[in-house]
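The values are calculated or read from the model by the stated rules, or taken from the named source; none is laboratory data. Keep in mind the model is a prediction, meaning the values are calculated, not measured. All Cβ positions, even for glycine, are placed from backbone atoms using ideal geometry, and neighbour counts span all protein chains on display. To get the accessible areas, we keep the full protein, side chains included, count just its heavy atoms, and leave off ligands, DNA and RNA. Shrake-Rupley method; radii C 1.70, N 1.55, O 1.52, S 1.80 Å.
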Amino acid sequence: MARKIIIDTDPGQDDAVAILLALASPDLEVQGITCVAGNVPLPLTSKNARVVCELAGRTDVPVYAGCDRPLARDLVTAEYVHGKTGLDGIELPEPQMPLQDQHAVDFLIETLRAHPAGSVTLCPLGPLTNIATALQRAPDIAEKIAEIVLMGGAYFEVGNTTPAAEFNIHVDPQAAEIVFKSGVPLVVMPLDVTHKALTTRARVEAFRNLGTRVGHAVASWTDFFERFDMAKYGSEGAPLHDPCVIAYLLKPDLFMGRHINVEIETTSELTMGMTVADWWRVTDRAPNAMFMGDLDANGFYTLLTERIARL
Ligand code: RIB
Ligand code: CA
């Protein structure tokens, strides 16, 4: 029985690879892709999601546009990482498949209400604005969500956007606070783990050597995407953040972490959007998240390459 998921995303090259991994995996049934403003504005993220679906030959997957700005703060985007299109690195055709008319938040609420409790997993890969808005508008869905497996936050690795905050949480800290206080079971892929999922020349060439359109696209996106992080961190490659979320659904044993309390800074501008992870359990705050800290990087790339080869 395939696991039903909804991918909430702000493509972004790493989001694109995560979506491809999901679409290549029969273990997962993608109920829909909901788009949010993040790496680039909503018109581009909702276009890019359709570009990826068409690249995968999966125009059957409905794509929805959601919130075009954070709950309370001004939108912050990341063209400096992802390029002005959000999918720089390769020219791909304009999407022909339509965007759904329904708002992403209404799709999230309707789908969760229509399915048995615990049968749908949410996979946010960008700012949590859509998820938080759905929870605020329909509190009854919280108990329907099987779990939320998200990419966001940082603790030992500290922030990548401010000294304290990782991009997805930084863009919409108020939304993150709603999600982290929702009581929904959370699995969090912070920079602590994604920064150990680094591309290397060999790993990128393995995508290119697949000899497929999709393999070529993934290699081209990665070549473009990694230049910023390599310059910033002086690393050999760049972290493929978002595919960690989907890889967890496929092979959870690739990841190691702790079930701890994680709360979001929403008061201080200095540390706004910080995920305050009680890794050493020094407080009596109730654990609310499986916070990942490490992964089997070779196993991750082997899974990713094997699945991408199927498209
Ligand atoms: O900080 C990394 C996260 O921000 C990733 O999800 C990337 O796609 C961007 O959204
Ligand atoms: Ca993302």
Selected residue (criterion: surrounded by the fewest Cβ atoms within 10 Å (Cβ to Cβ)) from residues of the range 6-26 that are within 9 Å of ligand 1 (Cβ to nearest atom) and not in a helix (DSSP H, G or I): 12
Sole residue being polar (S, T, N, Q) and away from ligand 2 (no atom under 12 Å from the Cβ), chosen from 45, 77, 34: 34
Considering only strands (runs of 3 or more DSSP E) fully contained in the range 227-311, which possess at least 2 residues that are free of Cβ contacts under 8 Å to residues at least 60 places away in the same chain and within 25 Å of residue 148 (Cβ to Cβ)? 255-260
If you take the residues of the range 178-199 that are within 14 Å of the chain's Cα centre (by Cα) and in a helix (DSSP H, G or I), which of them is nearest to residue 259 (Cα to Cα)? 193
When you go through 134, 114, 104 one by one, which is the residue that is surrounded by fewer than 16 Cβ atoms within 10 Å (Cβ to Cβ), among the hydrophobic types (A, V, I, L, M, F, W, C), within 25 Å of residue 50 (Cα to Cα) and at pLDDT 95 or above? 114
Only unsatisfied item for residue 149, checking (1) assigned to a loop (DSSP other than H, G, I, E, B); (2) among the β-branched types (Val, Ile, Thr); (3) within 16 Å of ligand 1 (Cβ to nearest atom); (4) crowded, with 19+ Cβ neighbours inside 10 Å, is (1)
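This table checks each residue for (1) more than 14 Å from ligand 2 (Cβ to nearest atom); (2) among the hydrophobic types (A, V, I, L, M, F, W, C).
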site: 67; (1), (2): yes, yes
site: 73; (1), (2): yes, no
site: 87; (1), (2): no, yes
site: 93; (1), (2): yes, no
site: 98; (1), (2): yes, no
site: 101; (1), (2): yes, no
Among the residues of the range 289-310, is any aromatic (Phe, Trp, Tyr) and surrounded by fewer than 22 Cβ atoms within 10 Å (Cβ to Cβ)? no
Give me the pairs: first residue in the range 155-167 and more than 21 Å from residue 294 (Cβ to Cβ) and open to solvent by 50 Å² or more (accessible area, probe 1.4 Å), second residue within 7 Å of ligand 1 (Cβ to nearest atom) and aliphatic (A, V, I, L, M), beta-carbon distance under 9 Å, and six or more apart or on different chains, which are they? none
Tell me whether the range 118-133 contains one or more residues that are within 16 Å of ligand 2 (Cβ to nearest atom), of a type in the set (Val, Ile, Thr) and touching a strand residue (DSSP E or B) at 6+ places or on another chain (Cβ under 8 Å). yes
For the range 186-212, give me each residue that is free of Cβ contacts under 8 Å to residues at least 40 places away in the same chain and either of a type outside the set (A, V, I, L, M, F, W, C) or open to solvent by 10 Å² or more (accessible area, probe 1.4 Å) (or both). 200, 201, 202, 205, 208, 209, 211
